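Student: Sharing a structure below in structure tokens format, with a few things to ask.
The values are calculated or read from the model by the stated rules, or taken from the named source; none is laboratory data. The model shown is predicted, which means the values in this text are computed figures rather than measured ones. Counting neighbours? That spans all protein chains shown, and the Cβs are built from the backbone with ideal geometry, glycine included. Accessible surface is based on the protein model in full, side chains and every heavy atom, while ligands, DNA and RNA are left aside. Shrake-Rupley method; radii C 1.70, N 1.55, O 1.52, S 1.80 Å.
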Amino acid sequence: QVQLVVSGGGLVQPGGSLRLSCVASVSISGFNAMGWYRQSPEKQRVPVATITLPGTTRYADSVKGRFTISRDNAKNTVYLQMNSLKSEDTAVYYCQATGGVYYYWGQGTQVTVSS
């Protein structure tokens, strides 16, 4: 059974940084892609950043230049480095892994950007 364990959320001031981690219970080399999504209250869950097995990355326009997604296959971990955080980045962040026709989700972690 695939499990994704997310950590790293918290409260940060505007302009600050956080790094989220997503540790998989299996080798992430078996996933076609992994990504980070976020959901604000009363809004849909939307993609923030994705990384494919070959390493291709994609970002939502709202986070380009501020967020960086990366993966460490040896640690079965995907990271989301978030810099220059804004209040509008406040949301619950989720990790997702795609393997063939299957999708796996980690538990959410709250990121709050506030002074």
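Student: Amide H neighbours of Gly108 under 5 Å, counting only residues 5+ apart in sequence or on other chains, H built in-plane at 1.01 Å?
Tutor: The answer is none.
Student: Next question. From the phi of every residue in the stretch 25-38, what ³J(HN,Hα) in whole Hz does the Karplus formula 6.51 cos²θ - 1.76 cosθ + 1.60 yield, where θ is phi - 60° and glycine or proline is x?
Tutor: Calculated HN-Hα couplings, in order: 7, 10, 5, 6, 5, x, 9, 5, 7, 9, x, 10, 10, 9 Hz.
Student: From the phi angles alone, apply the Karplus equation (6.51, -1.76, 1.60; θ = phi - 60°) to the stretch 64-77 and give each ³J(HN,Hα) in whole Hz, x where the residue is Gly or Pro.
Tutor: Listing the rounded values in order: 4, x, 10, 10, 9, 9, 8, 9, 10, 4, 5, 9, 6, 10 Hz.
Student: Under 29 Å between alpha carbons, and skipping anything fewer than 8 positions from Lys75 in its own chain: which lysines qualify?
Tutor: Partners found: Lys64.
Student: Under the Karplus relation 6.51 cos²θ - 1.76 cosθ + 1.60, θ = phi - 60°, what is the ordered set of whole-Hz ³J(HN,Hα) values for the stretch 11-18, x standing for Gly and Pro?
Tutor: With coefficients 6.51, -1.76 and 1.60, one gets 9, 9, 7, x, x, x, 10, 9 Hz.
Student: Compute the distribution of all C-alpha to C-alpha distances in the chain, in bins of 10 Å from 0, and list the percent of pairs in each, rounded to whole numbers.
Tutor: Calculated over all Cα pairs of the chain, the distribution is 15, 50, 29, 6, 0 percent.
Student: Direction-averaged shadow area of the convex hull around the Cα atoms of the stretch 1-57, nm²? Please list the in-between numbers first.
Tutor: On the way: hull surface 21.4 nm².
Mean orientational projected area (the stretch 1-57, Cα hull): 5.4 nm².
Student: Hey, another quick one. Can you give the convex hull volume per residue for the Cα atoms of the stretch 46-90, as a whole number of Å³?
Tutor: 83
Student: Here's something else I'd like to know. Given a 1.4 Å probe and every protein chain left where it sits, what share in percent of the accessible area of the chain is carbon and sulfur? Working shown, then result.
Tutor: On the way: 3000 of 6210 Å².
Result for the chain: 48 percent of the exposed heavy-atom area is carbon or sulfur.
Student: Using a Förster distance of 25 Å, how high is the FRET efficiency between Gln1 and Arg66, based on the Cβ-Cβ distance and rounded to 0.05?
Tutor: 0.15
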